[in-house]
Each structure stands twice: as C-alpha cells, then as structure tokens.
Amino acid sequence: MVAAGEVVSAEAVWVLPDEPVPVRLMNTVWADRHAVHDALRTRQDLAGWVAATGLTAGPVTDGDVEAFRRLRDALRRLAALLTDDPRPAAASPLQDLARAVETVNHAASAGPTNPRLRLRASQLQRDDTPGGPGAALATVASQAVVLLTDATSAPLSACHAPGCVLYFVKDHPRRGWCSTACGNRVRAARHYQRRRFERTTSAATGSRAAPTDPTPR
Ligand SMILES: [Zn+2]
C-alpha cells in the first residue's frame, strides 16, 4: 500500500508524455494497483511538471500549486463530460460544470500567452521574457479550450483498462487504451475471465478440462 504523501518515482509521475499538455495536466492524477495518486502536490512537483512539459514558469509558490490543481480538477471534470466517463475512481473533486468552465476561463486570463511587444528608445522589440507561473497556467488553459472544443482533432478518451484513471487523445482509430501496459492488462484480464468461465462450465457439466490444458497454477 502506498501511503499518502509518499514520493512517487519520476517515471510514474510523468505518465503518457506524448499527450498534449492539458491532458498531461489531467494525468497528474494516476493510479497503480494500490491506489489513486496525485503527482501535483508540492512546489517541487509543479516545478518538475512545468519543466517536463517544456513550459517555463520560474519560481513557483504554493498559490501556483493550488491554481494548477484547480485547473487540473476542472479539466478532469470537463474531460469526464466529453467522454461520458463512468469511472468512479477518476471522478474530479470539482463536480460543478459551470464552476469548471469558470475555472478554465479564469486560468486562461492568468497571464500573457502570446508574444509581446516592447518599446525601447523608439525601437520595437519582441519581449521573450518567460512569463512566469501565471503565463504557464494560461497557456495550459488556452490549449485546453482548443482541445475540448475542436471537433476536427482526434477525440479525447478515457482509458477503461481496469483501475486506470488516465485520459488520452485517440490519435489512431484502433487505439483502445492509454498505453500498451493498459492494453496488456486488459488482455490478461480477459484471458483470466475466459479461463475461469471455461473451468466453471466444465465443473458444472462434470466434464474434465481438455487434456491439452496446461496444469493450473
Ligand atoms: Zn490506461
């Protein structure tokens, strides 16, 4: 059992690194066979996540952590709406849809997300100063608005492998799961169910298992 507050490994934290950044923020809530985990709890977590996603934020405060967590919960709520997500373990603590929308819009206005102009001694310059945590938050929120509404892009999906709480963009029609690990777990679970069904049926009919059946564990 993983205790609350235990430091999770970097490998576990940055799940599905190829997903768009808003989905990566949603997936800072992840699960293993023991529990659902939150990879975004501390300033260090947030600084690490921002760096891993290629955003820049500079030093972050506890308030920034709260703001990113609020946006994360709002995005998970809206993702659940979009994907008809029935997974109880994946449910966002923020359930109110209007508040979720408001949270995204508030985050989107938290800082500049576009290149800015600067006037210096009558010269026009491009201001490439990293925008800080507010700008990073606004960037994620703005990208999320596009992701959640663009009907032409690949659809957002919930992964229905047993115990999984992740979301992914279904970039290929045959992609059924968030990862090969989840796909393998589903196949193993189906295989186990089939074997159990076969055993139950053969026990009920009094017949023996097929001679080719490998010795049960
Ligand atoms: Zn999965």
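With respect to the conditions (1) modelled with pLDDT of 95 or more; (2) touching a Lys or Arg at 6+ places or on another chain (Cβ under 8 Å); (3) surrounded by fewer than 17 Cβ atoms within 10 Å (Cβ to Cβ), ALA90 lacks only one, and its number is (3).
Could you check, for segment 110-131, whether at least one of its residues is in contact with a Pro (Cβ under 9 Å, 6 or more places away or on another chain) and basic (Lys, Arg)? For segment 110-131, residues in contact with a Pro (Cβ under 9 Å, 6 or more places away or on another chain) and basic (Lys, Arg): present.
Only one of the numbered conditions (1) modelled with pLDDT of 95 or more; (2) within 27 Å of VAL36 (Cα to Cα) is violated by PRO133, and that is (1). Only one entry in THR152, THR180 is free of Cβ contacts under 8 Å to residues at least 24 places away in the same chain, hydroxyl-bearing (Ser, Thr, Tyr) and within 16 Å of the ligand (Cβ to nearest atom), namely THR180.
Is segment 113-121 home to any residue that is surrounded by 15 or more Cβ atoms within 10 Å (Cβ to Cβ) and at pLDDT 95 or above? Scanning segment 113-121, I find no residue that is surrounded by 15 or more Cβ atoms within 10 Å (Cβ to Cβ) and at pLDDT 95 or above, so the answer is no. The set of residues from segment 164-175 being surrounded by fewer than 16 Cβ atoms within 10 Å (Cβ to Cβ) and either touching a residue at least 60 places away in the same chain (Cβ under 8 Å) or over 24 Å from THR149 (Cβ atoms) (or both) comprises just one member, ARG174.
Residues of segment 85-116 that are under 22 Å from the mean Cα position of the chain (by Cα) and basic (Lys, Arg): ARG87, ARG99.
The single residue among LEU82, LEU46, LEU119 that is farther than 22 Å from LEU156 by Cα and under 15 Å from the mean Cα position of the chain (by Cα) turns out to be LEU46.
Among residues belonging to segment 27-58 that are part of a loop (DSSP other than H, G, I, E, B) and among the small types (Gly, Ala, Ser), point out the one that is farthest from GLN143 (Cα to Cα). Steps first, answer last, please.
Filtering segment 27-58 down to residues part of a loop (DSSP other than H, G, I, E, B) leaves 27-28, 32-35, 39-42, 53-58.
Restricting the remaining residues to those that are among the small types (Gly, Ala, Ser) gives 35, 39, 54, 57-58.
On the way: ALA35: 29, ALA39: 21, GLY54: 14, ALA57: 16, GLY58: 20 Å.
Filtering first and then ranking leaves ALA35.
Checking the structure you have, find out if any residue of segment 163-174 is more than 16 Å from the ligand (Cβ to nearest atom) and not in a helix (DSSP H, G or I). Write out each step before concluding.
Keep residues of segment 163-174 that are more than 16 Å from the ligand (Cβ to nearest atom), which gives 173.
Right, trim to not in a helix (DSSP H, G or I) and you get 173.
There is at least one residue in segment 163-174 that is more than 16 Å from the ligand (Cβ to nearest atom) and not in a helix (DSSP H, G or I).
Residue selection: ALA203 satisfies the criterion of being surrounded by 11 or more Cβ atoms within 10 Å (Cβ to Cβ), modelled with pLDDT under 80 and not in a loop (DSSP other than H, G, I, E, B).
Could you say whether any residue in segment 91-98 is hydrophobic (A, V, I, L, M, F, W, C) and closer than 21 Å to ALA39 by Cβ? Looking through segment 91-98, at least one residue is hydrophobic (A, V, I, L, M, F, W, C) and closer than 21 Å to ALA39 by Cβ.
The values are calculated or read from the model by the stated rules, or taken from the named source; none is laboratory data. Since this is a predicted model, take the numbers as computed values, not measurements. Glycine gets a Cβ as well: all are built from the backbone with ideal geometry, and neighbour counts include every protein chain shown.
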